[in-house]
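What follows is a single structure, written as structure tokens, with notes after it.
Here, each number is a calculation from the coordinates, and none is a lab measurement. On a predicted model such as this, the values are computed, not experimentally measured, just so you know. Because the Cβ atoms are built from the backbone with ideal geometry, glycine has one as well, and the counts that use them run over all protein chains shown.
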Amino acid sequence: MLGRIFDRIAALPVAAKVALGVAVLIALGLAVVLSPVLVVVAALVLVVAVIACVIQLLRHASPNRWGIVAGASLVLVLLFSGISNALYGGGGQEQTSSPEPREEARSAPDREPTTVAEPRSAPQKEPTTVTEPSTVAEPTTPTENA
């Protein structure tokens, strides 16, 4: 069957082959862009085909054609849902970084001093305390009572 189609395409003039190639590329581009809509359409066709297969089985008839339609629509549902998730993202993943600063970052001057541990290569010392520049206290020296 496909052999006859390829023979007919081979018999076309070059301009018609180019036009056919451009039409196929445009159709593929539209299918990729409209993949969320095509997922719904393919799912509806799958539901109709499964119901038709069940009816054919209840009538003791062969569900060959409807089985092929159901299989093809299942493949299209999987294909277009994969394309749609790749292009437009799935709903399950959260964004790791937000464009707006979080509430904690905006209130940075009000934070407590942070404790920083020394690197492991240095001898173990007590952790040092880092404070904000605006809250650094001047070192005081003990004064003698004279």
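Can you compute the FRET efficiency between Ile51 and Ala86 using 1/(1 + (r/R0)^6), with r the Cβ-Cβ distance and R0 = 41 Å? Round to the nearest 0.05. The formula returns an efficiency of 0.85 here. On the basis of the beta-carbon distance and an R0 of 22 Å, Arg65 and Val40 show a calculated FRET efficiency of 0.45.
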